[in-house]
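The values are calculated or read from the model by the stated rules, or taken from the named source; none is laboratory data. All values reported here derive from a predicted model rather than from experimental measurement. Heads up, the Cβs are rebuilt from the backbone with ideal geometry, glycines too, and the neighbour counts pull from every protein chain shown. Just the protein is used for accessible areas: all its heavy atoms, side chains included, with ligands, DNA and RNA removed. Shrake-Rupley method; radii C 1.70, N 1.55, O 1.52, S 1.80 Å.
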Amino acid sequence: TIAKDIYGKISYSPYATFLFGQNKFAQDLEGRQATNDLDFNNYSNIGGNAFGNKRDIGVQLAGIGIPLGPLQAEYVFSIIQGSGQSTADNNVDKDFAGRIGITYDKNLFVGASAYDGWEPNGARWDIGWEGRWTYNGLKIQAEFIEGNLNTLDNNAVNNSLWTPSVPSTFKTPTGQINPTGYYVSANYRYKDFRLGARWDGYNFNQWAGNPANTEWDTVTVGLDWFQAKDVYKLSLNWEDHLLAGVDEYNVWTLQSQISL
């Protein structure tokens, strides 16, 4: 499938922009990056598969570059239909997503994101922390995201109301899904070349005793070659995939990209 953004935008100032339609909503840092701006050929486990790079129909209020002395703040608050990308609104499931971020001296960024709502398969919430530091050609980036899905709270009676997630309902392993993931990456660019590495881990359900309580880890090493003022990029990546610390398989990917 091809992901598409179809939306309208009304901008009062950089501090207040109203957006409506289908678009990426507040989510993890890597998932918000355009594909031509990614540090590696593939997203991390949390950025591309579990939590990030999501689209849905809704309304969004956002602001960037808000001055706070030596800091600059940004925010996003979204109300979305919650039934998924390119699907008809069912008029009952509305979810909330938001994030905030602070930038210091244009080099250090820290932020947090959250998602809460009632979906057809149960009450869900996610919370994440993210950070990025750049210095000359060096960039270090990291994220941690934890989610909960209460599949016991999928009674049709709740379908007409937004049911907030209550943490106490997630103490019982049966019917509860608790995905958790993170990554740490670093890369350095020198002239037309960039060398990078990333470690990321993802646990589908970290409840003790659950058969899915196993961490998948992926080690990625990448080399990029840029040309024509970064219009053209050639990337070679090596991925090592591990299950519970045991080597499972390796993947080499070669990607050629032109950005116009």
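Applying a threshold of 26 Å to the alpha-carbon distances of LYS9/LYS233; LYS54/LYS94; LYS54/LYS229; LYS139/LYS233; LYS9/LYS94; LYS94/LYS139 flags LYS9/LYS233; LYS54/LYS229; LYS94/LYS139 as lying beyond it. Accessible surface computed residue by residue for region 172-244, with neighbouring protein chains in place and a 1.4 Å probe, gives 51 Å² per residue. Under a Cβ-Cβ cut-off of 12 Å, what is the net charge of the residues other than GLY63 that fall near it, where Lys and Arg count +1 and Asp and Glu count -1? In short, 0.
In whole percent, how big is the carbon plus sulfur part of the accessible area of region 171-260, probe 1.4 Å, protein atoms only? All intermediate terms of the calculation are to be shown ahead of the outcome.
Details: 3430 of 5290 Å².
Solvent-exposed carbon and sulfur of region 171-260 make up 65 percent of the total.
Can you give the extra length, in nm with one decimal, that the chain gains between SER13 and HIS241 once fully stretched, where that is 0.36 nm per residue apart less the Cα-Cα distance? Write out the running numbers ahead of the final one.
On the way: separation 228, 0.36 × 228 = 82.08 nm, distance 4.50 nm.
Result: 77.6 nm gained on full extension.
Summarising the label geometry, the points placed 7 Å from Cα in the beta-carbon direction at TYR135 and VAL59 lie 4.5 nm from one another.
Among PHE226, PHE144, PHE77, the order of accessible area from largest down is PHE77, PHE144, PHE226, computed with a 1.4 Å probe on protein heavy atoms.
Tell me the net charge near GLN72. Cut-off is 11 Å between Cβ atoms, GLN72 excluded, with +1 for each Lys or Arg and -1 for each Asp or Glu. Walk me through the numbers before you get to the answer.
On the way: positive: LYS106; negative: GLU74, ASP105.
My count for the surroundings of GLN72 gives -1.
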